[in-house]
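Below is one structure, written out as C-alpha cells, with a few remarks after it.
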Amino acid sequence: MDKVLSRLGHMSYDVVGAQILQTGIPASKANLIATTEVSVASLAESVMLGVAIMANDVSHFGFLAMLSLLSVVGAAWLFCRWLVNPTDVQRSLFSFDPQF
C-alpha cells in the first residue's frame, strides 16, 4: 500500500500531462508530437545510462543528486516559460485561471 501511495503524485502528474497533450494538440500534429516525445525520452534514457556507467561509485552520489535537482529545476523553468505567453488553446485549457 505504501508503494502505491508513494507513486500517486507521479502517476497523477503523468495523467495530467497526457490529458494536456491529448487536448492541446491539433489532430494534424499529433503524430509529430508523439514521435518527438518518444525520441526525446529515448535520448534522455541514453544520457542517464551514460551517466550511470561513468558515475557508478558511491562517492559520486552528491554529483548525481545535484544533477537530478538541476534537471527538475530546469524542467520547471521551461514549463513556466511555456505558460508565460499562452496560446488560445492554452487559454481554453486553463480557463479557470482569471489571469488568462
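State in Å² the accessible area per residue of the chain; use a 1.4 Å probe, count heavy atoms of protein chains only, and round to the nearest integer.
Result: 86 Å² of accessible area for each residue.
Please work out how much accessible surface LEU43 shows to a 1.4 Å probe, ignoring ligands, DNA and RNA, in Å² rounded to 10.
Around 110 Å² of this residue is reachable by solvent.
Taking the Cα atoms of segment 1-40 alone, what are Rg (to one decimal) and Dmax (as a whole number) in Å?
Cα-based Rg and Dmax for segment 1-40 come out at 13.5, 42 Å.
Once both axes come from the Cα atoms, what is the angle between helix 61-84 and the longest principal axis of the chain, in degrees from 0 to 90, rounded to 10?
10
Given the options THR23, VAL89, ALA65, identify the residue whose Cα lies farthest towards the positive end of the charge dipole of the chain (+1 on Cβ of Lys, Arg; -1 on Cβ of Asp, Glu).
Sorting the options by dipole projection puts first VAL89.
Can you match Rg and Dmax of the Cα atoms in Å to one of these, (i) 14.3, 52; (ii) 17.4, 50; (iii) 16.2, 48, based on a calculation from the structure here?
(ii)
For the chain, what is the mean residue ellipticity at 222 nm derived from helices alone (per DSSP H run of n ≥ 4: -39500 (n - 2.57); sum divided by total residues; nearest 500 deg cm²/dmol)?
-25500 deg cm²/dmol
In whole percent, how big is the carbon plus sulfur part of the accessible area of the chain, probe 1.4 Å, protein atoms only?
Roughly 69 percent of what the probe reaches on the chain is carbon or sulfur.
The values are calculated or read from the model by the stated rules, or taken from the named source; none is laboratory data. Keep in mind the model is a prediction, meaning the values are calculated, not measured. Because the Cβ atoms are built from the backbone with ideal geometry, glycine has one as well, and the counts that use them run over all protein chains shown. Note: areas computed on protein heavy atoms with side chains; ligands, DNA, RNA excluded. Shrake-Rupley method; radii C 1.70, N 1.55, O 1.52, S 1.80 Å.
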